[in-house]
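The structure appears below as C-alpha cells.
The values are calculated or read from the model by the stated rules, or taken from the named source; none is laboratory data. Remember, it's a predicted structure, so these values are computed and weren't measured experimentally. Every residue, glycine as well, gets a Cβ built from its backbone with ideal geometry; the counts of neighbours run over all protein chains shown.
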Amino acid sequence: MDVSITMTGFVALYVFMLAAFAGWVIIGHVPAILHTPLMSGSNFVHGIVVVGGLYALLNASTVQEQVIGFVAVLLGAGNAAGGFAVTQRMLAMFQTSEPAPAHAHSHAHTHARVHHLKKKS
Amino acid sequence: MLANLPQLIIGLADLAAAFLFLYGLQRMSSPATAPSGILVAGFGMVAAVLASFLYVFSVSAAAQPHLGVNIGLALIALVIGGGLAWLSGKRVAMTAMPQMVALYNGMGGGAAGAIAAVELFGNKTQGATQLLVTLLGALIGAVSLSGSLIAWAKLDGVIKKPVRIKGQQAVNAVAMIAALAVGGVILFVTLGGAPLLLATPTWIYVFFGLALLFGVLMTLPIGGADMPVVISIYNALTGLAVGLEGFVLQNPALMIAGMVVGAAGLLLTLLMAKAMNRSVANVVFTNFGDAPKQVQGAIKGSLRPVEASDAGIAMRYASKVIIVPGYGLAAAQAQQKLYEFVKLLQAARVEVKFAVHPVAGRMPGQMDVLLAEAGVPYDLIFQLEDINDDFAAADVALVIGANDVVNPAARTEKTSPIFGMPILNADKAKQVYVVKRGEGKGYAGIQNALFYGDNCNMVYGDAQAVLVKMIEAVRGLGAAAA
C-alpha cells in the first residue's frame with residue numbers, strides 16, 4: 001500500500017480552495033460575541049505549524065538546520081500551547097443566566113422573566 | 001506494509017487533526033458549545049504532534065547520524081516553547097489579551113518562516129513551483145513575525161506613539177520591492193542561473209532581513225485605534241504562511257489548517273474594517289489613528305453634569321436600561337462594579353441589557369470577553385445590529401467609557417472622520433447618562449454631539465468611583481424602604 005502523499009499543482013489548489021471556503025463559512029457562523037476567542041482559537045489552529053517544525057528539525061543534518069529547526073519548533077509550540085491556554089480560559093468565562101439547554105440560551109432569560117412576572121400578578 | 005506503518009499513522013493523525021480543527025471551530029458558533037470546541041481541536045493538535053515523532057523512521061541518510069541530538073532538541077523546544085507560552089497564557093490579564101494574541105501569532109509566523117529557511121538554506125525544494133511557494137511563505141511568515149511583534153509592543157505600551165517618517169509609503173514600497181527582487185534572484189540562481197554578486201545563502205539572509213524590515217515599517221505608523229484590524233490581518237497572514245509551507249512539506253493538515261485560518265482572518269479583517277467604515281487599504285496605508293482633524297462646526301448647547309447617586313437612583317426606577325460599555329470601562333477595571341450595579345437593578349425588576357460595538361476594545365470582541373470575565377451572563381450581551389432598535393424604547397442608556405461608538409456625527413456630519421461608521425443609537429433613549437473622566441474627546445479626537453443633547457447628562461469621574469456611588473445610592477434606597 002502506498003501511503004505517501006504527493007500534492008502538485010492543481011490538487012494543492014483544490015485543497016486550498018476548499019479549505020478557504022470551509023473556513024469562511026464556518027467562521028461566518030461564529031457570533032460577534034465570540035470573536036476574541038475565535039481569533040485566539042484560530043491562532044491556536046495555525047500552531048499546527050509546529051508539526052512542520054518537527055519535520056524540519058528531525059531531518060536536520062547541519063548545525064544551521066538544527067538551530068533554525070529548533071527555533072521553528074520552539075515558536076510553533078509556543079503558538080499552539082499559548083493559543084490553546086488563552087482560548088480555553090476565555091471560553092470558560094462565558095456563562096448564561098441560568099443552567100439551560102444549549103439551544104434555548106437566547107430565550108432562557110426572557111422566559112424566566114415572563115414566568116416571574118406571571119407568578120407575581 | 002510494516003515499513004509503511006509510521007507513515008500511515010502520521011497520515012491518519014494529520015487527517016484526524018484537520019477534521020478536529022474544522023469541527024472544533026464549527027462548535028464555536030455558540031458560547032454553549034464553544035468550550036468543547038477548543039478541547040476537540042486541542043486533541044487534534046496533540047495527536048498530530050505525537051505522530052510527527054514517527055518521522056524518525058523515515059529521516060534522510062544525511063540526518064541519520066544526528067537523529068539522537070535532533071530528538072533531544074525537539075523535546076527541549078516543545079517543553080520550553082510550549083511550557084512558557086502555556087504559563088503566560090494562563091496568567092495574562094484579559095485586558096492584555098490583544099497583545100498576547102499578537103505575540104502568539106508572531107510566533108506562528110516565525111515558525112513558518114523558519115521552516116522555509118531550512119528548506120531554502122538546505123536547497124531542499126524541488127522545482128520552480130515549490131521554490132516560489134517556499135519564498136512566498138517565507139516572506140509572509142517573516143512579515144507576520146516582525147509586524148506582530150511591533151503590534152505587541154504598541155498594545156503593551158512599549159511603543160507609545162505611532163512612528164512616522166517622511167515618505168513612509170515610499171520607504172515601505174522600496175522595502176517590499178527589494179524583498180521581492182531578492183526573492184527573484186534566489187529563484188533565478190537556484191534554478192540554475194549564474195551566481196549574482198553574492199553567494200546564495202547571503203541572498204537568503206538579505207531576503208529575510210528585508211521581509212522582517214517591511215513588517216516593522218508597515219506596522220509602526222498604524223495608530224492605536226486601528227489595532228483590531230491589524231491583529232486580524234496578521235492572523236490571516238500567518239495562516240496563509242503556514243498553509244503555503246504545508247504545501248512545500250506536502251502536509252495537507254498544515255495546508256488546510258493554514259488556509260482555514262487565513263480565510264477566518266480575512267473575514268474578521270473585513271468585519272472590523274466595516275465596523276469602522278474604512279477600507280482595509282485605508283487602515284494600512286493611511287495614518288488615521290491620530291492624525292490632526294479638520295475643524296468641525298461648533299456644537300450648540302452645553303454639557304449638563306449630574307451626581308452619580310442621582311443617576312443611579314433614576315436607573316433604579318426605570319423599567320428598561322441599556323448599558324454601552326467602552327474601553328474606558330476596562331481601563332478603569334470597573335467591569336465587576338458595573339455588574340454589581342446591574343444585579344441591584346435586576347433585583348429591582350429593571351430590565352438591563354448590554355450593547356457592545358464591534359470595535360469596543362483593542363481586538364474584535366474584546367469587550368464581550370471582559371464582560372464575561374466580570375460574570376455578566378452572555379444572554380444579556382447584545383451586538384450592535386441586534387439591539388440598535390431597542391434604544392428608542394429604553395428609559396435610560398448608560399454610556400461608560402465609550403465615546404466615538406455613540407457619536408451621532410457618524411450619521412449626520414459628512415465632514416466627520418467617522419462619518420458612515422455604524423454607531424450604537426444611544427441618543428435615541430429617553431435619558432442618556434455618560435460616565436466620563438473629564439470633558440476630553442474620544443480616541444479619534446472628535447467632539448460628540450450626543451453629550452450636548454437635551455436628553456443627556458454627564459456623570460464625571462473615574463468609572464469605578466462613579467459605580468461605587470451609584471451602588472451605594474441604590475442600596476441606600478432599599479435600606480430606607482425596609
> Can you name the residue in segment B:315-335 that is modelled with pLDDT under 90 and surrounded by fewer than 18 Cβ atoms within 10 Å (Cβ to Cβ) and, of all such residues, is farthest from B:Asp454 (Cα to Cα)?
Replying inline: B:Gln333
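Just to check your reading of the model, which residue among B:Val92, B:Val49, B:Val59 is at pLDDT 90 or above and within 17 Å of A:Gly69 (Cα to Cα)? Spell out how you get there, then give the answer.
Details: B:Val92 fails: within 17 Å of A:Gly69 (Cα to Cα); B:Val59 fails: at pLDDT 90 or above.
Going through B:Val92, B:Val49, B:Val59 in turn, just one is at pLDDT 90 or above and within 17 Å of A:Gly69 (Cα to Cα): B:Val49.
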> Here are some residues: B:Leu145, B:Leu131, B:Leu149, B:Leu103. Which one is at pLDDT 90 or above and more than 21 Å from A:Phe44 (Cβ to Cβ)?
Replying inline: B:Leu131
> Is it fair to say B:Ala74 is touching a Pro at 6+ places or on another chain (Cβ under 9 Å) and either within 8 Å of chain A (Cβ to nearest Cβ) or farther than 26 Å from B:Val261 by Cβ (or both)?
Replying inline: no
> Which ones in segment B:145-186 are of a type in the set (Gly, Ala, Ser), in contact (Cβ under 8 Å) with a residue 24 or more places away in the chain and under 17 Å from B:Tyr205 (Cα atoms)?
Replying inline: B:Ser146, B:Ala175, B:Ala178, B:Ala179, B:Gly183
> Within segment B:348-399, how many residues are assigned to a loop (DSSP other than H, G, I, E, B) and β-branched (Val, Ile, Thr)?
Replying inline: 3
>> Under 9 Å between Cβ atoms, which residue pairs at least 6 apart in sequence (or on different chains) link something in segment A:51-79 that is more than 7 Å from every other protein chain (Cβ to nearest Cβ) with a partner that is surrounded by 23 or more Cβ atoms within 10 Å (Cβ to Cβ) and not hydroxyl-bearing (Ser, Thr, Tyr)?
In response: A:Val67/A:Ala60
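Mind checking which residues of segment B:1-49 are more than 7 Å from chain A (Cβ to nearest Cβ) and either more than 30 Å from A:Leu34 (Cα to Cα) or touching a Cys at 6+ places or on another chain (Cβ under 7 Å) (or both)? Before the answer, list the steps.
Going residue by residue through segment B:1-49, those that are more than 7 Å from chain A (Cβ to nearest Cβ) are B:2-3, B:5-6, B:9-10, B:12-16, B:18-20, B:23-24, B:27, B:36-37, B:39-40, B:43-44, B:46-47.
Within segment B:1-49, B:Leu2, B:Ala3, B:Leu5, B:Pro6, B:Ile9, B:Ile10, B:Leu12 qualify.
Is there a residue in segment B:388-396 that is within 14 Å of another protein chain (Cβ to nearest Cβ), crowded, with 21+ Cβ neighbours inside 10 Å, aromatic (Phe, Trp, Tyr) and in contact (Cβ under 8 Å) with a residue 24 or more places away in the chain? Walk me through how you get there before you give the answer.
First pass over segment B:388-396, keeping only residues within 14 Å of another protein chain (Cβ to nearest Cβ): B:388, B:390.
From what is left, the residues that are crowded, with 21+ Cβ neighbours inside 10 Å are none.
There is no residue in segment B:388-396 that is within 14 Å of another protein chain (Cβ to nearest Cβ), crowded, with 21+ Cβ neighbours inside 10 Å, aromatic (Phe, Trp, Tyr) and in contact (Cβ under 8 Å) with a residue 24 or more places away in the chain.
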>> Please count how many residues of segment B:1-27 are surrounded by fewer than 21 Cβ atoms within 10 Å (Cβ to Cβ) and in contact with a Phe, Trp or Tyr (Cβ under 9 Å, 6 or more places away or on another chain).
In response: 5
> Quick one: how many residues across segment B:125-168 are part of a helix (DSSP H, G or I) and surrounded by 14 or more Cβ atoms within 10 Å (Cβ to Cβ)?
Replying inline: 28
> Which one of the conditions (1) at pLDDT 90 or above; (2) within 14 Å of chain A (Cβ to nearest Cβ) does B:Val405 fail to meet, given that it meets all the rest?
Replying inline: (1)
> Which of the residues that make up segment B:350-374 are free of Cβ contacts under 8 Å to residues at least 60 places away in the same chain and more than 7 Å from chain A (Cβ to nearest Cβ)?
Replying inline: B:Val350, B:Glu351, B:Val352, B:Lys353, B:Phe354, B:Val356, B:Ala360, B:Met367, B:Leu371, B:Ala374
